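Below is one structure, written out as structure tokens; the observations come after it.
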Amino acid sequence: MIAAKPFAAVALLVAFAQTAILGSMIEGRASILRSGTEVLLKTAPVDPRDLLRGDYVVLSYDISTIPTGSLKGERPKTGTWAPVHVRIMPGTDGFWTVAEASFDPLPTQTGSVVLLSQPVEIYDWQWTDGGTLFVSYGIERFYVPEGEGKPIEDGRNDRRVSVAARVSEDGVAQIRALMLDGEPLYEEPLY
């Protein structure tokens, strides 16, 4: 019976740690959805369609393509991975567009939001004339109920799908709503 007490204590400690980690992940996402700055993003067509990935819609955004000539500051060495800080501002049509980008942190500016991209690998060829960086923000996948992805993908390819996202102060984005022709199709609950 004595050996069972240390095992039970260890099992309880492990269960508590797992619950705390899971709770922290859920609260982090909910915190962004609750208090992040809302931005409206226009999606771009994605081709080809991947039939083997399951029931989600692949999203790409106009703000995902950054001309390397517009990047401010120093660029990292070739072969390294680095996130890009992307300042977006509302355009005349209500969709947010890229105002500037840098590998260095950008200062806070009224009327804008700075998104932090996933790390991108740096190559010399990206800095040739007309070179671009394609960046991801972690909001390129939206899960939908089984069988409902195809009509959304068709709307996305016709540029009729948009996303309302919330962005935290440190540049992390979460999708709040997926919209078709400006009308919400799916809204994310906080929890």
- prompt: Semi-axes of the equivalent ellipsoid of the chain: what are they in whole Å, largest first, if each equals the square root of 5 times a C-alpha gyration tensor eigenvalue?
  reply: 34, 24, 18
query: Is region 131-191 best put as rounded, prolate or oblate by its Cα gyration tensor, with a ≥ b ≥ c the root eigenvalues, rounded for a/c under 1.5, and otherwise prolate when a/b is larger than b/c, oblate when not?
result: oblate
- prompt: Simple spin-label model, 7 Å along Cα-to-Cβ: residue 75 to residue 10 in nm?
  reply: 5.2
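Sort 89, 25, 179 so that the residue with the fewest other Cβ atoms within 10 Å of its own Cβ comes first and the one with the most comes last. Let's see the in-between values first.
Working: 89 14, 25 10, 179 19.
In increasing order of surrounding Cβ atoms, one gets 25, 89, 179.
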- request: Please give every one of the lysines within straight-line cross-link reach of residue 150, meaning a C-alpha to C-alpha distance under 28 Å, and leave out same-chain neighbours fewer than 8 residues apart.
  value: 42
- request: Figure the gain on full extension for residue 97 and residue 82 (residue separation times 0.36 nm, minus the Cα-Cα span) and round it to one decimal in nm.
  value: 3.3 nm
field: Length released on extending from residue 128 to residue 27, taking residue separation times 0.36 nm less the Cα-Cα span
entry: 32.1 nm
task: Calculate for the chain the 222 nm mean residue ellipticity that helices alone would give, adding -39,500 (n - 2.57) per DSSP H run of length 4 or more and normalising by residue count, nearest 500 deg cm²/dmol.
output: -7500 deg cm²/dmol
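Rule-based calculations on the coordinates, nothing more; no lab input. As the structure is a computational prediction, the values presented were derived from the model and not from experiment. Cβ atoms come from the backbone with ideal geometry, glycine included; neighbour counts cover every protein chain shown.
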